[in-house]
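First up is the structure itself, then whatever we jot down about it.
The values are calculated or read from the model by the stated rules, or taken from the named source; none is laboratory data. These numbers come from a predicted model, not from an experiment. In case anyone asks, the SASA skips ligands and DNA or RNA and just uses the protein heavy atoms, side chains included. Shrake-Rupley method; radii C 1.70, N 1.55, O 1.52, S 1.80 Å.
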Amino acid sequence: MIHRVVPAIAAVAFTAVAASAMAQTTAPAAPAASTASPAAVPKPECGAKPGEYPGNLASENVRRAWQKDFVAYIDCLKKFVEEQQALAEPHVKASNAAISEYNESVKSYNDQIQKAKGG
């Protein structure tokens, strides 16, 4: 009976020590970006969206003017997207690095637990 109790006590003690060690680590400060309001998100300033295509019954000048407005609008949106992606790139890289570190840490923790269990 005692030989069954000793491993159980050891497991509880190991868990308590591991929890204590985890509790002693300092939590990172909350990022300042989390306090930004949703209104701070920029929106494209490309003017009014072109209306519907004028159709085949419209004059060539009307269709050409509509196409010119449409191309300018689309080019403006593309430029806005490229600028926003360039601004986001360092944040995406930092996020991916943190995700990798998290995954490696959890894997290491799980490996240590398995090793401690004798597995």
Item to complete: Straight distance only, please: which lysines reach the Cα of residue 115 with their own Cα at less than 18 Å, same-chain residues fewer than 8 apart left out?
Response: 107
Worksheet item: In straight Cα distance, which aspartates and glutamates are under 14 Å from residue 78, not counting same-chain residues fewer than 8 positions off?
Response: 45
Response to the item:
In Å², rounded to a whole number, the accessible area per residue of the stretch 60-114 with probe 1.4 Å is 83 Å²
Worksheet item: Tell me, what ³J(HN,Hα) does each residue in the stretch 87-97 have, in order and in whole Hz, if you take phi through Karplus 6.51 cos²θ - 1.76 cosθ + 1.60 with θ = phi - 60° and put x for Gly and Pro?
Response: 5, 7, 3, x, 5, 5, 4, 5, 5, 5, 5
Worksheet, complete the sentence: For the stretch 73-82, Karplus-derived ³J(HN,Hα) couplings (6.51, -1.76, 1.60; θ = phi - 60°; whole Hz; x for glycine and proline) come out as 5, 5, 4, 4, 5, 4, 4, 4, 4, 4
Worksheet entry | Vicinal HN-Hα couplings computed from phi for the stretch 43-57 (Karplus, 6.51 cos²θ - 1.76 cosθ + 1.60; Hz; Gly/Pro x) | 10, x, 10, 10, x, 6, 5, x, x, 5, 4, x, x, 6, 7
